[in-house]
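Worksheet for the structure shown next.
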Amino acid sequence: MSKLPGLGLVSLYVIHTIIFWLYPFLWGVVIAFKRWNIISPEKEFIGISNFIGVLYDPLFWISFKNSLYFMAVYVPLSIVSALGVALLLSRIKFLQSFFAVGYLMSYISAGVAYSIVFSLLFSGDGLINTWLSKINITIPWFSDPDIAMASIALIVVWKYLGYYSLIFLAGLQAIPESLYESASIDGASERVKFFKITVPLLNPSFTIVLVFAVMLSFNIFTEPYMITGGGPLDSTQTFVMQIYHQTFTALHAGYGSSFAIIVAAISFLFVFAIRKTVERDMA
Amino acid sequence: MIVIRDKKLKKHSHTIRMVVIYTLLGLGLTVMVFPYIWMILASFKIPSEIYNRFFPSRFTLENYEMMFSAGQGGSDNLFIRSALNSLVVSSIATFSVVLIGSITGYALARLRFFGRDFLNNFVLFQMLFPAILFLIPRFLLMLELGWINTYQGMFSPFMVSAWAIYLYTQFYKTIPQELIDAARIDGCSELRIVFSVMLPLSKSVTAIVAIFTFMSTWDEFLWYIIVTKDYDLMPLSALLGLFTRGEYNSYPGIQTAGAVILTVPILILFFFFRKSFSKGITMSGIKG
């Protein structure tokens, strides 16, 4: 065989990657060290000033804090509910795939569409509050700065619940039944079996769900942009909203780029930390 | 005696457990599906009933009529146009991701050439980089190419997917060498082998790659609002998002009708290809 066909076949991928991946990536790094407003041809090299500027930007820290708040609600709630659904699904045979598909339905809703739905459903005088008011409760879901981010986390939990459940379900189905049987013979209770067999053997699923959830927490944009626009009182500002605003409204392309690099570095660090602390070698 | 009662008791408690499990699953499913049902009902309500009633007192099509009559100059309908824009952008991206994914996957899995191992690793390496790193420089690239406000500006970054290449590469490693050899003896070129041997054998991978690519490019929002300027060029997600924040801010009826139009095509895809959706998710779970 000649060596040409192989190179010929990968050429489309290689060309596209150079133009739309490698070149933009390098360019992004270069302009992060420049002051540039997109419109003017002038690009001034300013060293690491942009990076320092980001670290002194109060909105960077507000967004960081908001992301952590989002994560603190989103991660435990998703994991507990998705694992719960997966455990229930793993115990049934009849209608199992019907329920699995039903729970997955929310995953396919477009960001814009479900943001519209929940913003109306959870609005001050919306249906949920109309129902809650019958027991004399109304919750200012998106208008109270203390809970707006938690409300957004809640609707994202809705979206990904079925998705994470499926990952857990696949993990549960990979655990050999014989382990549970021999534990039963040894007289282990359900509780012991859950913590000594299920949880440790589900480690790969836990790791992947955690990594997905943390990456999502740092990259959230459509929901706060559509529902709250970052408010009230900046309580739902996120990194991506800041990068969008700095670059496309304020036209600070260099600043936006250095912001994006810092955000990418933060999510790398978090993912690395999860892999170090949560992930166990299964071999 | 005691043994028999014990068995009965066990059977009894098993039934109770099953009832509890199905009830919990049913309740959960109701909560999960509720927003969809509410959305569809709301889109047929008169606006005053959207906030405080679950069932409409009467059904109306006025939300859809208003949405579909929105246009600039009256002749052009914005929402129908934007749905077509979405269809064009997502279809081209999907077609290209499948095509380049399978061709590249075949070369990486089955051919020997200089740089193959490097490329195999590079595909994995690419998947580690978050999209946010590319947002600004890709926009600048579009400026430089003069592709702002064009179709190619919208779909060009999405034409190749490292994830798709990875899936195809993994799958093509499992196909028996005899099939490839037989095709070569028949005089097939390598490209022919991809199209007449490999792709027909990889329908399940292709279904997964195609539906996930179509869905993600259909739902994409941020890139489209950055790269388009004119309403009549925007995909549906961008137009609906911007109108909801702007002109239609106080028209919840039109917003929900728009949300229905944005959701239904993917919902139909989902019901036809639900197995591929589940499989795609499980595979990504195992891969990580």
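Summary of values
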item	result
Unique residue being touching a Ser or Thr at 6+ places or on another chain (Cβ under 8 Å), within 13 Å of chain B (Cβ to nearest Cβ) and in a helix (DSSP H, G or I) when the list is A:K159, A:K193	A:K159
Tally of residues being part of a helix (DSSP H, G or I) and crowded, with 21+ Cβ neighbours inside 10 Å across the range B:194-205	3
B:A182 being small (G, A, S) and either under 30 Å from B:F272 (Cα atoms) or in contact with a strand residue (DSSP E or B) (Cβ under 7 Å, 6 or more places away or on another chain) (or both)	no
Answer residue from the range B:156-192, given it is at the interface with chain A (Cβ under 9 Å from one of its Cβ atoms), touching a residue at least 40 places away in the same chain (Cβ under 8 Å) and part of a loop (DSSP other than H, G, I, E, B) and is nearest to B:R112 (Cα to Cα) among those	B:V160
Residue in the range B:195-205 that is basic (K, R) and more than 28 Å from A:F272 (Cα to Cα) present	yes
Only one of A:V85, A:V101, A:V117 that is touching a residue at least 40 places away in the same chain (Cβ under 8 Å), part of a helix (DSSP H, G or I) and either of a type in the set (A, V, I, L, M, F, W, C) or within 30 Å of B:A83 (Cβ to Cβ) (or both)	A:V85
Of the criteria (1) under 19 Å from the mean Cα position of the chain (by Cα); (2) over 19 Å from B:L236 (Cβ atoms); (3) of a type in the set (S, T, Y), which one B:Y151 fails	(2)
Test: residue in the range A:223-238 that is under 21 Å from A:A82 (Cβ atoms), within 11 Å of chain B (Cβ to nearest Cβ) and in a helix (DSSP H, G or I)	yes
Checklist (1) facing chain B (nearest Cβ under 7 Å); (2) under 13 Å from A:F168 (Cβ atoms) applied to A:S90, failing item	(1)
Some residue of the range B:126-137 being touching a Pro at 6+ places or on another chain (Cβ under 6 Å) and either in contact (Cβ under 8 Å) with a residue 24 or more places away in the chain or over 25 Å from A:P5 (Cα atoms) (or both)	yes
Residue check for A:T207: crowded, with 16+ Cβ neighbours inside 10 Å, over 17 Å from the mean Cα position of the chain (by Cα) and not in a loop (DSSP other than H, G, I, E, B)	no
Those helices (runs of 4 or more DSSP H) lying entirely in the range B:92-155 with at least 3 residues under 30 Å from A:F248 (Cβ atoms), at the interface with chain A (Cβ under 7 Å from one of its Cβ atoms) and of a type outside the set (F, W, Y)	B:132-145
Residues being of a type outside the set (A, V, I, L, M, F, W, C), in contact with a Gly (Cβ under 9 Å, 6 or more places away or on another chain) and in a helix (DSSP H, G or I) - total across the range B:17-58	3
Helices (runs of 4 or more DSSP H) wholly inside the range B:206-288 containing at least 1 residues that are surrounded by fewer than 18 Cβ atoms within 10 Å (Cβ to Cβ) and either at negative phi or touching a residue at least 24 places away in the same chain (Cβ under 8 Å) (or both)	B:236-245, B:252-272, B:274-287
Criterion violated by A:M215 - all others in (1) over 18 Å from A:P58 (Cα atoms); (2) in contact with a Leu (Cβ under 8 Å, 6 or more places away or on another chain) satisfied	(2)
Only one of A:G102, A:G124 that is of a type outside the set (S, T, Y) and either in contact with an Asp or Glu (Cβ under 7 Å, 6 or more places away or on another chain) or surrounded by fewer than 17 Cβ atoms within 10 Å (Cβ to Cβ) (or both)	A:G124
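Okay, residues lined up against (1) loosely packed, with under 13 Cβ neighbours inside 10 Å; (2) more than 9 Å from every other protein chain (Cβ to nearest Cβ); (3) more than 20 Å from B:G115 (Cα to Cα):
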site	(1), (2), (3)
A:L7	no, no, no
A:V10	no, no, no
A:V14	no, no, no
A:T17	no, no, no
A:Y23	no, no, no
A:G28	no, no, yes
A:I31	no, no, yes
A:K34	no, yes, yes
A:I38	no, no, yes
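Quick grid of which residues meet (1) of a type in the set (D, E, K, R); (2) modelled with pLDDT under 95; (3) within 30 Å of A:Y107 (Cα to Cα):
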| position | (1), (2), (3) |
| --- | --- |
| B:V160 | no, no, yes |
| B:D186 | yes, yes, no |
| B:L201 | no, yes, yes |
| B:T217 | no, no, yes |
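The values are calculated or read from the model by the stated rules, or taken from the named source; none is laboratory data. Note that this is a predicted model, so its numbers are computed, not measured. Note that each Cβ is placed from the backbone with ideal geometry, even for glycine, and that neighbours are counted across all protein chains shown.
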